[in-house]
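The values are calculated or read from the model by the stated rules, or taken from the named source; none is laboratory data. Just so you know, these numbers come straight off a predicted model, no measurement behind them. The area values use the complete protein model at the heavy-atom level, side chains included, leaving out ligands, DNA and RNA. Shrake-Rupley method; radii C 1.70, N 1.55, O 1.52, S 1.80 Å.
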Amino acid sequence: MRLVRLKSFALSLPQTTTVSQWGCLVFKVAGKVFIILSLDGALPDGISLKCTPEEFDALTERDGFIQAPYCAKRHWFRLNDLSLVPESELQGLIRRSFDLVVAKLPKKVQATLAAN
């Protein structure tokens, strides 16, 4: 997935913001991280996303997927080479990460997001 399309898709999700943090481009919803995008200049150098422990087990059995460094074990994975998965699958993984983070937000914040 090209960086421009990845950013565009992620920013199309309700109340998504970006910050430069930890030397990465970090996408947040309501202040909570759902994407950590490592960059090598203007090119993506890997992406870390939230998942469930069950999803983690299935994903990390696949080539290119590992536990995300410095993130909660079995709740975040990293994909170093974004070309290993089709763009539609990567969008689904991004959306899933977003949904998992939103599910942990206070109900009032969730309602605001749902209204958008």
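Only one of the listed values, (1) 14.3; (2) 21.6; (3) 17.4, was derived from the coordinates as Kirkwood radius over Cα pairs in Å; which label is it? Step by step, Kirkwood radius over Cα pairs in Å for this structure corresponds to label (1).
Surface composition of the chain: carbon and sulfur make up 54 percent of the accessible area, probe 1.4 Å. The residues of the chain expose, per residue, 56 Å² of accessible area to a 1.4 Å probe. Our helix-only sum for the chain, with -39,500 (n - 2.57) per DSSP H run of n ≥ 4 divided by its residues, gives a mean residue ellipticity at 222 nm of -11000 deg cm²/dmol.
Of all aspartates and glutamates in the structure, the ones whose alpha carbon falls short of 18 Å from that of Lys32, not counting any fewer than 8 places away in one chain, are Asp99.
The string of couplings for region 35-52 from the Karplus curve (6.51, -1.76, 1.60, θ = phi - 60°) is 9, 10, 10, 7, 10, 10, x, 9, 10, x, 10, x, 9, 10, 9, 7, 7, 8 Hz, one whole number per residue in order, with x for Gly and Pro.
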